[in-house]
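Colleague: Would you mind keeping the following structure in view while I ask a few things?
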Amino acid sequence: MLVATQKRKLGFGLHRVVQRSCPGGAGRVAVLVGLLAVTVAVAAPITPGNLLVYRVDGSGAALGADAAVVHIDEYAISGSPLSASLVQTITFPFTGPGPLLTGTGIGTSAGGITEGKLTISPNGRWVGVAGYNAPENTANVATASGINRTIGRIDTTDGSIDVSTSGQLTSGVRNTRAAVFDDTGTNIWAALHGSGTNFGLMYLTLGQTNQGTMLTASPHSVRGVRIFDGQLYIYSDSGNIGVSQVGSGLPTTGSQPLTGLPGISGPLGPSGVYDQIYGFFMADLDASVPGYDTLWMARETIGVTKFSLVDGIWTPINTNNPGYNVYHIDGWVNPDRSVTLAIIGGAVANNRLAVMIDSSGYNQPMEGSFEILVRAGANNRYGGLVFVVPPPAAPPPPDGFRLLGISATPFMPVRIFYPADTNHYYILYAAALTNLSALSPTNLTLGTNGVGVLTGPTNPATPGGAIFQVRRVPISQPLDLDGDGLDDVFELTHAPALDPLNPADSSPQVAYFPTAVVDGDPEAPVINADTGPFSKAGANTFPIGVPGKRIQHPLLFRRVVWSDLETSPGQYNFSQFESDLANARSVTGLVWWAVYSMRSARQNSGTWVPAYLAVPPYGQMVNGTWLPDFNHPYYKERWQALIREIGRRYANEPRLYGFDMRGWGPYGENNTWRGSDNNLPPYTVYESNRLFYIDTYRAVFTNQQLFVMVDDLYTVNYVLNLSSNVQPIPVGIRADSWGNSSSLDQDRARFAAAYPASLGLWDERWKIAPVGGEPWGIGGVNATLFLTQMTNHLVALMANGNLGSPSDWSTADQIRFQTAYGLVGYRYAIERVSAPTHVRRGGLLLVEASWLNRGLAPTYWPWQAEWRLYNSAGVKVWSAPSGINLRQVLPAPSAVARTDQYVLPSLPAGRYVLRLAVLEPRGVLPPMALAIKGRTADGSYNLGPNGSEVAITVQP
């Protein structure tokens, strides 16, 4: 009986071990035939050690570029010769309601060949697969427009599947090749294929339905993604990538640096060592080489190439060409350190699963040959494959810490063995027996689950004695052995940039206090395009049309009547929108639009629908005012066609910030007001039709900030209760009667009476979506009340319209209005920055910033703070994103502290200036204006007092 064991690493070397029986020992393999008809209808738990294989099924028809059913076949590999037994088949949904996951047979640009890669989370629980949210037989599914993508997840503990991560996860992407989950099963990294900016490696979370975060701008053709030893890797034979680490650990923010494996990255060169890479597997075969030391690479027409890590360089050893193309590979390390390699060969239907056992070990030519175990069958094609690794074993119960042994060979370093776990780190102390007072730390390491090893000084050949002690220290309570202010664990996790036994590797931190921009300063109020005061219809009017402000009117709001947009059925004139966008581009700003079909309810207000709808039965003329029938099916059909056409043209316009969800009533404010003189007869808009108008906007403008009009509490309650899965960008609340006693104050009271269970959602809305609108107007606004309402309702956006000119108001009221508009929105500031005076080349940069929000609301866009270094010529030579999430920095008197640490590249020695920029996610606006002094020409900020520089010296 041969017991096979797989060993892989997790985090700081955590080992996972599983045993499976292989009767008869290692040997040749046998081909499995005739089992493809077996399907398990209800998924069962997946056995650790078994092999999962992705299979595309043409359902009896030849495979091609159309969508096809995706199965995951579970095989048990055992016996001598080895054979494969089909355990179960898990099928992803391919028809019916809800998200689907299908694949392609061949696809375009050989797309089907690279699709269907399987991955597994480090803890062995979550299997990841990527595909299309399209029914079976959808034509040219990889390149057809409007096809969403799906990332599927299989839970190996019960065989259940999850396809909730489905939607417009990216734009323009062709083949969605692979996705890998972390141990939580909620964080996802997906490998995409295409060109432009929305391709490469993307980060998402489980259940996400909108576009994820791009972690790499290049390469655009990422073949696949894997996690080894807690580190994220991608591979590609374009963009000088080969096999590269992505950032550090499992990053979730872009843009991440790529660190190629030495020897398997950089220019492809004449040797082409990673040409045609389609997958790889790594293993740790030699205890004397730290970390992973052996790698096997699937290389299409070339075969399987074996690499070994020799003197820090991944060196090709030899290549095994099985006689057919190789597209996918995974492996399993056996107890005798041989490796079972599994590959998928061939790109067409009835391709093959083959295995080989490589017994050669580290830095030796690969032995053996690939033998076919299973064929996919007619009108079926295999994709990726993965061995199911076991969950990590629980650490043994504490039984006293003691050493397990020592290896002492003359002229060789002493090796100390001890029981270890990942909750501790371990320090080796050493001294000569003749000088025990000199006992001091000589080495330390983070713990792994199992037997730990610490290497001590070289053992002398002459007789003598030494004492060695190993100290176990909780990770949660680290020491600072070298007294440099950085704890041991921090320095161990940032080696080799930091050394926990070298006090000279860190620099003292110096605090700087940027100067705030305060009220009354020429730079205040700080206005940004997605918050604060905004311009109604482009008017540069009181109270924000005041010279001397840093950014003036970067957000323009316009209401447009239907009759100006459509002259006859399907004939549209969007010149007003085009004019707005041209103006926004000229001032580096954004636009916010509203469409309505009715103006005032008073007499003689005219007709504001197209002429073909201004006839019965689509409404009625009442005392010179056309009242549309908002419930009429044809009226609704034509209104929806208009909104859809606006969306078709502008929904992907990055300068279109927001859209009001206006559907019925005077000015489209979603009410049934009859006018102060009861000019109009009573009329009703049915609840189903109200939701029809709201849902039309939600379906069309998925990239914009939508606003619900507060007049109709039924639809307000509806949007407040939408989950983030169905409405990823929360809808804002708009009221257009600020400063009047009948405004949002009374609306809240009415809402509390009608929907008491949702009142908390109303009161907390400002934290996730903007609240705002415009003042009532001259004669209806009380300036004192207006100022109070801004603070009480935590307003993010307020139009400058309806208030006339300064001469219409007393001096005191002018000040109240200007104060109110100076408060609305966010005003982010840096209260304190801590940075080193000097760093070593390639060393660690530690920056701490205390963030304040002096406004009334947070930002609702994912602005990205970025640290930068500029050389003496003023050229930016380095930048990296901060981990601060500004959407979570709410208005408060106390600051939110964030510490970021980076390993710098090998910059030339010299003086550099540290600056901060906050970048807008769509790339159409200048960096955010902060409420501090020090803004420079490129929008970044110097962070010293009064805008002075923060200098850092890079030492050799």
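The values are calculated or read from the model by the stated rules, or taken from the named source; none is laboratory data. Predicted model only: the values in this text are computed from it and were never measured. Note: ideal-geometry Cβ built from the backbone for every residue, glycine included; neighbour counts use all protein chains shown. Ligands, DNA and RNA are excluded from the accessible area calculation, which covers all protein heavy atoms including side chains. Shrake-Rupley method; radii C 1.70, N 1.55, O 1.52, S 1.80 Å.
Colleague: Normalised by the residues of the range 226-312, what does the relative contact order come to in percent, with Cα pairs under 8 Å and at least six apart?
Modeller: Reported as a whole number, the value is 20 percent.
Colleague: Expressed as a whole number of Å, what is the distance separating the alpha-carbon centroids of the range 885-956 and the range 678-754?
Modeller: 39 Å
Colleague: For the chain, what is the charge dipole size about the Cα centre, in debye to the nearest 20, if Lys and Arg each add +1 at the Cβ and Asp and Glu each add -1 at the Cβ? Write out the running numbers ahead of the final one.
Modeller: Numbers: 63 positive and 68 negative charges, 133 e Å.
Here the size comes out at about 640 debye.
Colleague: Name the residues whose placed amide hydrogens come within less than 5 Å of the amide hydrogen of residue 456, ignoring near sequence neighbours (fewer than 5 apart) on the same chain.
Modeller: Counting only residues 5 or more places away or on other chains, the set is 414, 415, 416.
Colleague: May I ask you to evaluate 6.51 cos²θ - 1.76 cosθ + 1.60, the Karplus curve with θ = phi - 60°, for each residue of the range 81-94 and list the ³J(HN,Hα) values in order in whole Hz, giving x for glycine and proline?
Modeller: So the Karplus estimates, Gly and Pro as x, are x, 4, 9, 10, 10, 6, 8, 6, 10, 9, 10, 7, x, 10 Hz.
Colleague: So what is the relative contact order of the chain, in percent, for Cα pairs below 8 Å that sit 6 or more residues apart?
Modeller: Values: 2482 pairs, mean separation 72.4, N = 956.
Taking the mean separation of contacting Cα pairs over the length of the chain, I get 8 percent.
Colleague: Let me know the shape class of the chain, please: from the alpha-carbon gyration tensor, a ≥ b ≥ c as square roots of the eigenvalues, rounded when a/c is under 1.5, otherwise prolate if a/b is greater than b/c, or oblate. Present the calculation step by step, with values, prior to reporting the outcome.
Modeller: On the way: a/c = 2.57, a/b = 1.48, b/c = 1.74.
It comes out oblate by the Cα gyration axes.
Colleague: Let me ask another. Nearest 10 degrees, 0 to 90: what angle lies between the long axis of helix 575-586 and the longest principal axis of the chain (Cα atoms)?
Modeller: Relative to the chain, helix 575-586 is tipped by roughly 60 degrees.
Colleague: Now a separate question. Over the range 269-412, what percent of the accessible surface lies on carbon and sulfur atoms, probe 1.4 Å?
Modeller: Values: 3090 of 5470 Å².
So the carbon and sulfur contribution to the accessible surface is 56 percent.
Colleague: Picking from 247, 408, 535, whose Cα lies most toward the positive end of the charge dipole for the chain (charges on Cβ: Lys, Arg +1; Asp, Glu -1)?
Modeller: It is 535, whose Cα lies furthest towards the positive end.
Colleague: Report, in deg cm²/dmol and to the nearest 500, the calculated mean residue ellipticity at 222 nm for the chain, where each DSSP H run with n ≥ 4 adds -39500 (n - 2.57) and the sum is divided by the residue count. Please report the intermediate quantities before stating the final value.
Modeller: On the way: 11 runs with 106 residues, N = 956.
About -3000 deg cm²/dmol.
Colleague: Taking the highest mean first, how do the peptides 366-379, 68-81 order by number of other beta carbon atoms within 10 angstrom per residue? Before the final figure, lay out the partial values.
Modeller: Working: 366-379: 19.2, 68-81: 21.4.
Going by the mean number of other Cβ atoms within 10 Å, highest first, we get 68-81, 366-379.
Colleague: Hey, another quick one. Please list, in chain and number order, the residues 5+ apart from residue 799 or on another chain whose amide H is under 5 Å from its amide H, with Hs placed from the backbone.
Modeller: Under 5 Å from the amide H of residue 799 lie the amide H atoms of 534, 773, 774, each far enough along the sequence or on another chain.
Colleague: Could you tell me which of rounded, prolate or oblate describes the range 601-669, using a ≥ b ≥ c as the square roots of the eigenvalues of the alpha-carbon gyration tensor, with rounded for a/c under 1.5 and, failing that, prolate when a/b is larger than b/c and oblate otherwise? Don't jump to the answer; show the numbers that get you there.
Modeller: Numbers: a/c = 2.75, a/b = 1.80, b/c = 1.53.
Judged from the Cα gyration tensor, the range 601-669 comes out prolate (a/c at least 1.5, a/b above b/c).
Colleague: Another question, if that's okay. Roughly what angle does helix 811-823 make with the longest principal axis of the chain, taking Cα atoms, 0 to 90 degrees, to the nearest 10?
Modeller: Once rounded, the angle reads 20 degrees.
Colleague: Which whole-Hz ³J(HN,Hα) couplings does the range 718-733 yield from phi under the Karplus relation 6.51 cos²θ - 1.76 cosθ + 1.60, θ = phi - 60°, glycine and proline marked x?
Modeller: With coefficients 6.51, -1.76 and 1.60, one gets 4, 6, 5, 9, 6, 6, 5, 5, 9, 9, x, 9, x, 6, x, 10 Hz.
Colleague: Right, another one. Which residues' amide hydrogens lie under 5 Å from the amide hydrogen of residue 880, considering only partners 5 or more residues apart or on another chain, with H built in the peptide plane?
Modeller: Here 867 satisfy the definition.
Colleague: In the range 775-879, carbon and sulfur make up what percent of the accessible area (probe 1.4 Å)? All intermediate terms of the calculation are to be shown ahead of the outcome.
Modeller: Working: 1800 of 3630 Å².
After summing per-atom areas, the C and S share lands at 50 percent.
Colleague: Can you give me the accessible area per residue for the chain, using a 1.4 Å probe, in Å²? Mind dumping the intermediate values first?
Modeller: On the way: 36240 Å² over 956 residues.
Result: 38 Å² per residue.
Colleague: Hey, another quick one. Work out from phi, with θ = phi - 60° and the Karplus expression 6.51 cos²θ - 1.76 cosθ + 1.60, the ³J(HN,Hα) of each residue of the range 708-714, listed in order in whole Hz, and give x for Gly and Pro.
Modeller: Once rounded to whole Hz, the list reads 9, 6, 6, 4, 9, 5, 4.
Colleague: Right, something else. Determine the principal axes of the Cα atoms in the range 769-915, then give the extent along each, sorted from largest to smallest and rounded to whole angstroms.
Modeller: Answer, in whole Å and largest first: 66, 30, 22 Å.
Colleague: Here's a follow-up. Under 18 Å between alpha carbons, and skipping anything fewer than 8 positions from residue 933 in its own chain: which aspartates and glutamates qualify?
Modeller: 519, 521, 523, 831, 866, 949
Colleague: Of all accessible surface on the range 576-662 at a 1.4 Å probe, what whole percent is carbon and sulfur?
Modeller: Working: 1530 of 3370 Å².
C and S fraction of accessible area: 45 percent.
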